[in-house]
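These notes are about the structure you will find just below.
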Amino acid sequence: MVEGYTDEEIALMVRDAKRKVEFEINHIKAMAFAEGEQRMLEKNIKTMFSNGFDAQTISRALSLDISYVNEVLNK
């Protein structure tokens with residue numbers, strides 16, 4: 001027992017600390033997943049373009065804004 005805290009308070013603090021760590025891990029996983037999806041989408045756009053599709057067709061086929069497609073192609 002830590003002086004100044006009851007066992008119940010300590011248990012609550014431990015639980016809250018575990019939840020915070022789980023939240024942070026899940027957030028990192030979600031960000032990594034989103035970044036992976038973004039990279040895959042950019043790769044698909046570039047592959048389609050190299051296979052002869054124009055930006056307008058890629059935009060329609062992938063349901064993307066034409067300005068985004070052009071931005072990816074100009075990188």
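A short reminder: the numbers here are calculations on the coordinates, not readings from a lab. All values reported here derive from a predicted model rather than from experimental measurement. Note: ideal-geometry Cβ built from the backbone for every residue, glycine included; neighbour counts use all protein chains shown.
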Assigned charges on the beta-carbon of Lys, Arg, Asp, Glu; the range 7-73 dipole about Cα centre (debye) = 340 debye
ask   = Near residue 20, which lysines are there with a Cα under 30 Å away, not counting those fewer than 8 places off in the same chain?
value = 29
task = Write out the GluC sites (Glu not before Pro) in the chain meeting two conditions: DSSP loop, and at most 13 other Cβ atoms within 10 Å of their Cβ.
result = 3
ask   = When the helix-only estimate is applied to the chain (DSSP H runs of n ≥ 4, each -39,500 (n - 2.57), divided by the residue count), what is the mean residue ellipticity at 222 nm, nearest 500 deg cm²/dmol?
value = -27500 deg cm²/dmol
task = Step through the residues of the range 65-75 one at a time and calculate ³J(HN,Hα) from phi using the Karplus curve (6.51 cos²θ - 1.76 cosθ + 1.60, θ = phi - 60°), rounding each to whole Hz and writing x for Gly and Pro.
result = 6, 4, 5, 5, 4, 4, 4, 5, 5, 8, 6
Correct option for Rg/Rh (Cα atoms, Kirkwood Rh) [calculated from the coordinates] among (i) 1.09; (ii) 1.47; (iii) 1.19 = (ii)
inquiry  = Please give me the summed charge of the neighbours of residue 49: other residues whose Cβ is under 12 Å from its Cβ, Lys and Arg +1, Asp and Glu -1.
reply    = +1
query = Angle, helix 7-50 long axis vs. longest principal axis of the chain, Cα atoms, 0 to 90°, nearest 10?
reply = 10 degrees
